[in-house]
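J.: Please see the structure below; I have some questions.
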Amino acid sequence: MTATPTPPSSLLQDRIRQALLRKAGLQPAQIEEALATEQQTGQSLDQILVGKNLLPEAKCLQFFAEFLGLDYKDSLEGTSVPGLFIQHVPVQFARTHGLVALADQGGVLRVATHRPLEVQPMDDLATMLGRECEAVLAPRSEIATLINRAYRHKADGVDEALQDVKDTDIVSIAENIQESEDLLDANKAPVIKLVNMLLFQALKLRASDIHLQPYGDRLQVRMRIDGVLYDMESIPKRAQEAIVSRVKVMGKMDIAERRLPQDGRASIRVGDGDVDVRISTVPVAGGERVVFRILDKTTKIYSLDQIGLEAEAERTIRRYINYSHGVIFVTGPTGSGKTTTLYACLDAINAPDLNILTIEDPVEYNLDGISQVQVNVKKGLTFANGLRSFLRQDPDVMMVGEVRDNETADIAIRAALTGHLVFSTVHTNDSASTVTRLIDIGVEPYLVSSSLLLVVAQRLLRTICQNCREPVAPTQEMLYHLEDLKLSLDQFPNGKLWVGKGCDECFRSGYSGRTAIYEVMPIDVHVQEQIVNKATASQIKRSALERGLKTLRMSGVQKLLHGMTTPDEVLRVTQLDVM
């Protein structure tokens with residue numbers, strides 16, 4: 001059933017010796033040693049060659065691929081594992097034997113392995129799936145990464161775990177837990193398994209938060225996906241105390257304290273990727289309410305050309321982030337993608353000749369070549385204190401997670417005036433409001449005017465699901481929305497709008513994923529004069545509009561005209577934006 005060759009018999013040993021001498025450049029003594037070890041230990045020859053450092057793994061696999069007539073792939077990046085394999089092959093089997101399917105081609109399953117001479121696991125797999133399996137050789141690390149990537153999206157077992165939850169399970173909560181829990185390890189007590197599966201499900205659905213909300217008769221699970229909360233499973237009330245206690249153990253909080261809010265954090269592992277979880281508990285009527293904030297460190301850092309910027313806005317940002325000194329603010333409400341934009345900016349300028357320091361709460365992604373500091377208020381490490389210390393670290397570029405008070409703002413602006421480039425975020429509705437906000441918290445107008453370079457306001461807009469999108473004739477409600485956006489139907493191809501009808505892929509919402517909309521306002525001479533003269537935010541914005549500023553709503557309308565989103569989504573996200 002499988003195209004994998006049989007292990008080398010004594011008849012093949014001479015051929016292998018000659019081939020190894022000729023192709024791999026091994027000495028006769030090395031070959032004799034490897035073959036002798038094979039007979040004594042029963043290990044396969046490929047494992048001996050790599051284990052004894054006689055051949056690098058890649059070279060060994062290439063040799064056996066050529067010798068046995070198999071394909072060799074040095075990278076499995078971008079490979080999609082067939083659903084048949086994920087559904088029917090347990091993750092433990094795949095990991096133990098280092099097997100993962102690469103493609104399903106006309107009844108033959110192409111399966112990657114890093115053990116070319118082990119036949120039995122491949123035969124077992126062929127029997128398990130009832131398919132012929134063809135071996136493809138690939139490095140062990142590539143196979144392990146692909147297995148982890150494939151199985152982290154496997155259907156969850158929340159319902160199954162719920163059936164196992166018993167009142168007595170609270171006893172099992174006190175058991176020691178590892179620093180980093182592996183969510184793919186199902187061999188846990190039911191309550192532990194249930195909490196892990198809720199986290200696993202949230203990662204699968206790309207949720208940013210999990211809410212556990214107690215009611216009189218149940219514990220309601222809710223998840224925030226693409227910025228919108230959805231009701232999920234209802235957990236029986238009898239399991240509530242056990243689950244909350246388990247969460248507190250994970251977050252290293254006080255299990256006995258139920259009358260005060262608590263904060264904690266945990267690190268969980270999904271395959272070989274780490275995910276940080278911030279946990280908050282608050283006592284409410286009916287028990288304690290728990291919220292998880294999920295920070296997936298396996299998420300890639302986006303570059304400036306991947307975050308939804310229009311060409312002109314991207315050019316403006318690229319010009320200003322290469323200045324040697326000044327302050328650049330990114331503004332917007334919580335969860336609007338400000339940190340992602342700041343990381344994209346830092347990634348664009350990151351170079352060996354720059355000393356870049358950041359102070360964040362929390363550190364969301366790790367950036368190579370950049371020194372990142374975590375705020376610790378209990379120990380006295382605040383944004384202001386951290387920023388003060390940075391000035392003694394000979395920095396070129398600094399990033400402050402958020403300007404919350406006069407002290408932090410004042411230090412950031414004075415750092416910019418002494419020759420440093422400073423990035424930060426602030427919570428305001430639009431770009432012009434940022435200027436007046438700084439003055440409101442006590443920064444002198446002349447300091448704001450002379451240090452501020454650029455303000456970028458942003459929001460996240462849900463995009464139409466690619467799996468179920470279709471053009472439709474607009475309803476009367478859609479026409480009203482278009483009227484609010486100052487658009488007419490003839491601006492759309494064939495007078496139709498794209499919408500998502502809802503499918504399993506998008507959780508029946510019609511939306512999948514998000515893109516950002518931006519309002520990029522350079523602080524030019526006109527704005528500087530207005531700041532010194534203490535102009536209002538609306539005066540600054542009106543003047544900027546006359547000089548060509550594109551507002552958040554204008555940016556959203558462009559995305560709508562390109563068929564990326566819907567009119568009601570643009571209105572929802574830009575409701576506080578004034579034209």
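J.: State, to one decimal in nm, how far the label point of ARG140 lies from the label point of ILE255, with both points 7 Å from Cα in the Cβ direction.
T.: 3.8
J.: Per DSSP H run of at least 4 residues, take -39500 (n - 2.57); add these up for the chain, divide by its residues and hand me the 222 nm value, nearest 500 deg cm²/dmol.
T.: Values: 22 runs with 214 residues, N = 579.
Calculated mean residue ellipticity at 222 nm is -10500 deg cm²/dmol.
J.: If you don't mind, another one. For the stretch 192-304, what does the accessible surface come to per residue with a 1.4 Å probe? Please give it in Å².
T.: On the way: 4510 Å² over 113 residues.
Heavy-atom accessible area per residue stands at 40 Å².
J.: Past 32 Å, Cα to Cα, is the threshold; run LYS338/LYS501; LYS379/LYS534; LYS204/LYS252; LYS248/LYS300; LYS73/LYS193; LYS338/LYS486 against it and keep the listed order.
T.: Numbers: LYS338/LYS501 30 Å; LYS379/LYS534 38 Å; LYS204/LYS252 25 Å; LYS248/LYS300 29 Å; LYS73/LYS193 36 Å; LYS338/LYS486 28 Å.
Cα-Cα > 32 Å for LYS379/LYS534; LYS73/LYS193; rest within.
J.: So how much slack lies between ASN350 and ASN322, counting 0.36 nm per residue of separation and subtracting their Cα-Cα distance, in nm?
T.: 9.0 nm
J.: Also, I was wondering about something else. By the 4.7 Å beta carbon criterion, which cysteine residues of the chain come out unpaired?
T.: Within the chain, the cysteines lacking a partner Cβ under 4.7 Å are CYS60, CYS133, CYS345.
J.: Set Lys and Arg Cβ to +1 and Asp and Glu Cβ to -1, take the dipole of the chain about its Cα centre, and tell me which of ASN429, TYR215, VAL330 lies farthest positive.
T.: Selected residue: ASN429.
J.: Report the one residue of MET399, GLY386, ILE411 whose Cα lies farthest in the direction of the positive end of the charge dipole of the stretch 372-418 (charges on C-beta: Lys and Arg +1, Asp and Glu -1; origin at the Cα centre).
T.: The residue sitting farthest along the positive end of the dipole is GLY386.
J.: Using +1 at the Cβ of each Lys and Arg and -1 at the Cβ of each Asp and Glu in the chain, identify which of MET122, GLN92, LEU229 lies farthest towards the dipole's positive end.
T.: LEU229
J.: Of the peptides 447-456, 357-366, 301-310, how do they stack up when ordered by the mean number of other Cβ atoms within 10 Å, highest first?
T.: 447-456, 357-366, 301-310
J.: Mind listing the phi-derived Karplus ³J(HN,Hα) values for the stretch 457-470, rounded to whole Hz, using 6.51, -1.76 and 1.60 with θ = phi - 60°, and x for any glycine or proline?
T.: 9, 8, 9, 9, 10, 5, 9, 5, 4, 5, 7, 10, 6, 7
J.: Further question: Between LEU84 and TYR480, what is 0.36 nm times their sequence separation minus the Cα-Cα distance? Round to one decimal in nm.
T.: Additional length available on full extension: 137.9 nm.
J.: Mind grabbing the base-10 log of I(q)/I(0) for the stretch 192-238 at q = 0.17, 0.32, 0.33 Å⁻¹? Debye formula, identical points on the C-alpha positions, no solvent, two decimal places.
T.: Summing over Cα pairs of the stretch 192-238 leads to -0.46, -1.20, -1.23.
J.: Oh, and also: When only alpha-carbon atoms are used, what values of Rg and Dmax, in angstrom, describe the chain?
T.: 28.9, 93
J.: Can you tell me the accessible area per residue over the stretch 420-579, all protein chains present, probe 1.4 angstrom, in square angstrom?
T.: 46
J.: Can you give the Kirkwood hydrodynamic radius for the stretch 221-354, in Å, rounded to one decimal and based on Cα pairs?
T.: Value: 18.3 Å, from the Cα pair sum.
J.: For the chain, give the magnitude of the charge dipole about the Cα centre (Cβ charges: +1 Lys/Arg, -1 Asp/Glu; no others), in debye to the nearest 20. Intermediate results must be reported in sequence, preceding the final value.
T.: Working: 64 positive and 75 negative charges, 142 e Å.
About 680 debye.
J.: Using a basic spin-label model with each label point 7 Å from the Cα along Cα→Cβ, how many nm lie between GLN558 and TYR230?
T.: For GLN558 paired with TYR230, the spin-label model returns 3.0 nm.
J.: Considering only protein heavy atoms and a 1.4 Å probe, what is the carbon-and-sulfur percentage of the accessible area of the chain?
T.: Working: 12840 of 26990 Å².
Answer for the chain is 48 percent, counting heavy atoms of protein chains only.
The values are calculated or read from the model by the stated rules, or taken from the named source; none is laboratory data. Every value quoted in this text rests on a predicted model; they were computed, and no experiment measured them. Because the Cβ atoms are built from the backbone with ideal geometry, glycine has one as well, and the counts that use them run over all protein chains shown. Quick note on the areas: whole protein, heavy atoms, side chains included, nothing else; ligands and nucleic acids left out. Shrake-Rupley method; radii C 1.70, N 1.55, O 1.52, S 1.80 Å.
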